[in-house]
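Data first, discussion second: the structure below is written as structure tokens.
The values are calculated or read from the model by the stated rules, or taken from the named source; none is laboratory data. Here the structure is a predicted model, which is why all the values come from computation and not from measurement. Glycine gets a Cβ as well: all are built from the backbone with ideal geometry, and neighbour counts include every protein chain shown. SASA here: full protein model, heavy atoms, side chains in, ligands and nucleic acids out. Shrake-Rupley method; radii C 1.70, N 1.55, O 1.52, S 1.80 Å.
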Amino acid sequence: MPRTHVDKVARDLYVLRLDDDETKYFEAIWYIPKGVTYNSYVLVTDEGAVLFDSWKHTYSELFINTLHNVVDPKDIKYVVIHHMEPDHSGSIPKLLERCGCNPTVLGHPLVGNMLRSFYGVEARFTPVKDMEEVSVGGRNLKFIYIPWLHWPDTIATYIKDSGILLTCDAFGGFGIPPAIYDDDDAVVEWYLPLVRKYLATVVGHYREHIVKNVDKLAKLNLEVRTIAPAHGLIWRRNPKIIVDIYYRLARAEPSGRKVVIVYDSMYGFVEQAVKVLAEELSRRGYEVRLFPFTDRDHAHVSDIIGEVLDSYAVILGLSTYEGKIFPQMEYVVRLLIDKVNAEKPVLLVTTYGWGKVSEEYLRSLLKGSQFKVVDVVHIHGAPRGEDIERLRQAAGKFP
Ligand SMILES: Cc1cc2nc3c(=O)[nH]c(=O)nc-3n(C[C@H](O)[C@H](O)[C@H](O)COP(=O)(O)O)c2cc1C
Ligand SMILES: [Fe+2]
Ligand SMILES: [Fe+2]
């Protein structure tokens, strides 16, 4: 059952958090067994309230009920839409219909049309410009465009007097943290792998825009004491942690000597080859992570993408399948190129029964990406003798 939380983040600013443990596949693709949260914020002033974002449409009713804990919806003067993806804008239509209020909706110029096309909503919409400021009840709000984090429409709000930056998808993560804030090291440690998974899968395709936007925010020299995203933890003890992690992950920097091995194996031949490589790489001091597609186990592509993002190198173990490669492996490779696409060494290992998968086919899959194929090992059936030697030698191709 989804839980709700209401808490005071700072002077007159409240978070409304929904813990979504029902969505299994975020955006219908990313497997999230640890759930996700939607964080909406309300700033209460004596000139009316400002609502920032909402929850997924499934929770519209619950959203409106929860909102009553903080403000009478009639008193909402502005609704700020930081980003139109329905995980945040989904409850706004019902709110506008039910609140008995007529708020001005503020957002990127793209938002007005999307409100109409997504929900048939004719709102009183006023587009905001990059760096535009609005005052409400003596509080100053500065809107900052952060395009492609995660859509072209995405903006952040800086609440000047309390040093709070509301960032929507940026600096968010998957998971339902057992706390609202970053106060506890153990919670932060638990959460960070889910930040990596979120960044890689949801925003990974636009990772150079993360770098650009973090640079843009840094140049503004804002005094940011709290980062309040629309997913996951709110950073008030040490916001620098999440900014640094986003920046490092966006550049796909290796976090150590981690080699990610993704492989399929229908009857175990590729698996034998991969085990040789894993053993040899461990012996050489690498940290090996295995992601299998076998008759016992299927890895989740969402986990693979996250792990590859900060890996040192990647190994793809592939069986030949109807003249090509195993279908799930092709899917993984295409998503790795789409979401990670980083300058990392890649080793390809294939096995075949009667005609090896063409090297040209494999190379053409990776062509145009930043991944660098360092070696290709083809094995006829199960690896033995010379193949094992060849595999050990290939493991040495990583510097
Ligand atoms: C469904 C299926 C399709 C296959 N298609 C081909 C193929 O097109 N060409 C080929 O040389 N071998 C093919 N093979 C044989 C396997 O690629 C080969 O036995 C390989 O070593 C299997 O490794 P694995 O058991 O780790 O998956 C196929 C095997 C299966 C089960
Ligand atoms: Fe989004
Ligand atoms: Fe989101």
Being more than 13 Å from ligand 3 (Cβ to nearest atom) and among the aromatic types (F, W, Y) narrows Y198, Y191 down to just Y191
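Can you pull out every residue in region 314-350 that is farther than 30 Å from R251 by Cβ and touching a Leu at 6+ places or on another chain (Cβ under 8 Å)?
Pass one, region 314-350, residues farther than 30 Å from R251 by Cβ: 319-324, 326-327, 350.
If the condition is that a residue be farther than 30 Å from R251 by Cβ and touching a Leu at 6+ places or on another chain (Cβ under 8 Å), then F326, T350 are the ones that fit.
What about L51, is it aliphatic (A, V, I, L, M), modelled with pLDDT of 95 or more and assigned to a strand (DSSP E or B)? Don't jump to the end; show me each part of the working.
On the way: aliphatic (A, V, I, L, M): yes; modelled with pLDDT of 95 or more: yes; assigned to a strand (DSSP E or B): yes.
It is true that L51 is aliphatic (A, V, I, L, M), modelled with pLDDT of 95 or more and assigned to a strand (DSSP E or B).
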Exactly one of E223, E253 is of a type in the set (D, E), out of contact with any Asp or Glu (no Cβ under 7 Å at 6 or more places or on another chain) and either assigned by TED's automatic domain parsing to the domain that holds F26 or surrounded by fewer than 20 Cβ atoms within 10 Å (Cβ to Cβ) (or both), and that one is E223
Determine which single condition Y38 fails, assuming it passes every other condition in (1) assigned to a strand (DSSP E or B); (2) open to solvent by 70 Å² or more (accessible area, probe 1.4 Å).
(2)
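Picking from K197, K216, which residue would you name as being away from ligand 2 (no atom under 16 Å from the Cβ) and either of a type in the set (K, R) or outside the structural domain of V105 (by TED's automatic domain parsing) (or both)? Full working, then the answer.
Details: K197 fails: away from ligand 2 (no atom under 16 Å from the Cβ).
Every option except K216 fails the conditions.
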For region 172-187, pairs from a residue that is free of Cβ contacts under 8 Å to residues at least 24 places away in the same chain to a residue that is open to solvent by less than 60 Å² (accessible area, probe 1.4 Å), with Cβ under 9 Å and 6 or more apart or across chains, are P178/V187
Where a residue in region 298-320 is over 23 Å from P383 (Cα atoms) and its partner, wherever it lies, is open to solvent by 10 Å² or more (accessible area, probe 1.4 Å) and of a type in the set (D, E), with Cβ under 6 Å and at least six apart:
none
Name every residue in region 84-128 that is assigned to a loop (DSSP other than H, G, I, E, B), touching a residue at least 24 places away in the same chain (Cβ under 8 Å) and at negative phi, in order of residue number.
M84, E85, G90, S91, C99, C101, P103, H108, V121, A123, V128
Please enumerate the residues belonging to region 156-184 that are away from ligand 3 (no atom under 16 Å from the Cβ), outside any strand (DSSP E or B) and of a type outside the set (G, A, S).
K160, D161, P178, I180, D182, D183, D184
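Would it be correct to say that G112 is at pLDDT 95 or above and either within 16 Å of ligand 3 (Cβ to nearest atom) or farther than 23 Å from I159 by Cβ (or both)? Steps first, answer last, please.
Details: at pLDDT 95 or above: yes; either within 16 Å of ligand 3 (Cβ to nearest atom) or farther than 23 Å from I159 by Cβ (or both): yes.
Answer is yes for this residue.
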